[in-house]
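S.K.: One structure, as structure tokens, below. Some questions next.
The values are calculated or read from the model by the stated rules, or taken from the named source; none is laboratory data. Here the structure is a predicted model, which is why all the values come from computation and not from measurement. Reconstructed Cβ throughout: ideal geometry from the backbone, glycine too, with neighbour counts over all protein chains shown. In case anyone asks, the SASA skips ligands and DNA or RNA and just uses the protein heavy atoms, side chains included. Shrake-Rupley method; radii C 1.70, N 1.55, O 1.52, S 1.80 Å.
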Amino acid sequence: MSAVVDDDAIPACPESSESRTFARAVKDLRDGLASRELWFHLGWQDIKQRYRRSALGPFWITIATAVTATAMGLLYGELFGMDIKVFLPYVTLGFIFWNFIESSILDGSEVFSKNEGLIKQLPAPVSVHVYRVVWRALIIFAHNVAIIVIVFLIFPPPIGWSAFLVVPALVLYILNSIWVTIVFGILSTRFRDIGQLLTTAVRLVFFMTPIIWTTTSLSNATGETSSRLKLVELNPMFHYLEIARGPLLGQPVEFYHWAVVLGCTAFGWILGMLVMRNYRARVAYWV
């Protein structure tokens, strides 16, 4: 007799795991964005904790940035023979936008390793901590806007309608801050030396980026405009600063600056999604 096989008794083939798929990575980003009340609160708490028992609180950020920008502007303006009315707003904006970039990289690289207890105890998407870093950087940037207003009142630049281009520039800054925090945050959690490497690299890139010097002063000092400027343009940070600083100074921003930033943003998000897909679930075990 032939045995009758019950189809219901045959175990179904196990479905493929969805823990390492782009769908799960996108869902994590969406769920984290929906938990805005959580990362709003955590970001504010980070600022309050840093300046706890301080009389001025977060405005020490503004004071420190203003003093540094003024001192560097006066010093390097004198060294390069620059008009202080033009050079000081240039340096001030450079410092403020650079601080946003720097905090995204350095704070983002340690966001998971510094919040081990919260990550293990709080069942929340990984992206909550990513948005927390970006939100904190935006709070600091908002405090520094007061410096821009004061400097522009003293040394008003020729601002036109092109100044509104700073809005899409800030949107690109936020998008880049997200993928930078994802990539460096997750990888630094697995390989702790990456954080130290980033600190050294960021300091080096600061001096290689026209923040406390201009491309004009570089060409005047060397007498070799074309070759030196080509080296400067290889630095992506130069283009990131140009798209945000140029409009506020009333300077035309050439399209290739935007093209470089858009290209870097697209590449960064592809890299960020790959890291989220492959290693998002391991963060809790690596911290």
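S.K.: Within 26 Å of F164 (Cα to Cα), open to solvent by 40 Å² or more (accessible area, probe 1.4 Å) and either assigned to a loop (DSSP other than H, G, I, E, B) or modelled with pLDDT of 90 or more (or both): which single residue out of W213, W269 fits that description?
M.R.: So the residue among W213, W269 that is within 26 Å of F164 (Cα to Cα), open to solvent by 40 Å² or more (accessible area, probe 1.4 Å) and either assigned to a loop (DSSP other than H, G, I, E, B) or modelled with pLDDT of 90 or more (or both) is W269.
S.K.: Still on this structure, I have one more. Failed condition for L122, given (1) open to solvent by 40 Å² or more (accessible area, probe 1.4 Å); (2) modelled with pLDDT under 90; (3) over 30 Å from D193 (Cβ atoms), with all others met?
M.R.: That leaves (3) as the condition not met.
S.K.: So, one more: What do you reckon, is I101 over 19 Å from Y131 (Cβ atoms) and either modelled with pLDDT under 90 or among the aliphatic types (A, V, I, L, M) (or both)?
M.R.: On the way: over 19 Å from Y131 (Cβ atoms): no; either modelled with pLDDT under 90 or among the aliphatic types (A, V, I, L, M) (or both): yes.
Here the answer is no, as I101 does not meet what is asked.
S.K.: While we're looking at this one, here's another question. May I ask you to say which residue of L234, L187, L229 is out of contact with any His (no Cβ under 9 Å at 6 or more places or on another chain) and modelled with pLDDT of 90 or more?
M.R.: L187
Conditions (1) among the β-branched types (V, I, T); (2) in a helix (DSSP H, G or I); (3) closer than 25 Å to F141 by Cβ; (4) at pLDDT 80 or above, marked per residue:
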{"residue": "M1", "(1), (2), (3), (4)": "no, no, no, no"}
{"residue": "A12", "(1), (2), (3), (4)": "no, no, no, no"}
{"residue": "A23", "(1), (2), (3), (4)": "no, yes, no, yes"}
{"residue": "Q45", "(1), (2), (3), (4)": "no, yes, yes, yes"}
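S.K.: Does region 101-111 include one or more residues that are within 17 Å of I212 (Cα to Cα), touching a helix residue (DSSP H, G or I) at 6+ places or on another chain (Cβ under 6 Å) and either open to solvent by 60 Å² or more (accessible area, probe 1.4 Å) or not aromatic (F, W, Y) (or both)?
M.R.: For region 101-111, residues within 17 Å of I212 (Cα to Cα), touching a helix residue (DSSP H, G or I) at 6+ places or on another chain (Cβ under 6 Å) and either open to solvent by 60 Å² or more (accessible area, probe 1.4 Å) or not aromatic (F, W, Y) (or both): present.
S.K.: Which ones in region 151-165 are farther than 21 Å from G73 by Cβ and aromatic (F, W, Y)?
M.R.: First pass over region 151-165, keeping only residues farther than 21 Å from G73 by Cβ: 160-162, 164-165.
Answer for region 151-165, where residues must be farther than 21 Å from G73 by Cβ and aromatic (F, W, Y): W161, F164.
S.K.: Which ones in region 133-165 are open to solvent by less than 20 Å² (accessible area, probe 1.4 Å) and within 16 Å of the chain's Cα centre (by Cα)?
M.R.: Across region 133-165, the qualifying residues are V133, V134, A137, I139, N144.
S.K.: Against the conditions (1) among the hydroxyl-bearing types (S, T, Y); (2) surrounded by fewer than 18 Cβ atoms within 10 Å (Cβ to Cβ); (3) under 23 Å from V67 (Cα atoms), where does T200 fall short? Just the number, please.
M.R.: (3)
S.K.: Right, another one. I need the full set of residues from region 69-86 which are within 14 Å of P210 (Cα to Cα), among the small types (G, A, S) and over 26 Å from the mean Cα position of the chain (by Cα), in order please.
M.R.: G77
S.K.: Looking for something in contact with a Leu (Cβ under 9 Å, 6 or more places away or on another chain), surrounded by fewer than 20 Cβ atoms within 10 Å (Cβ to Cβ) and of a type in the set (V, I, T) - is there at least one such residue anywhere in region 74-91?
M.R.: Yes, because at least one residue in region 74-91 is in contact with a Leu (Cβ under 9 Å, 6 or more places away or on another chain), surrounded by fewer than 20 Cβ atoms within 10 Å (Cβ to Cβ) and of a type in the set (V, I, T).
S.K.: Restrict the check to region 247-254 and report whether at least one residue is surrounded by 15 or more Cβ atoms within 10 Å (Cβ to Cβ), farther than 29 Å from G117 by Cα, at pLDDT 95 or above and not hydrophobic (A, V, I, L, M, F, W, C).
M.R.: Within region 247-254, not a single residue is surrounded by 15 or more Cβ atoms within 10 Å (Cβ to Cβ), farther than 29 Å from G117 by Cα, at pLDDT 95 or above and not hydrophobic (A, V, I, L, M, F, W, C).
S.K.: Those residues that are of a type outside the set (A, V, I, L, M) and within 21 Å of P158 (Cα to Cα), I need them from region 82-100; list them, please.
M.R.: D83, K85, F87, P89, Y90, T92, G94, F95, F97
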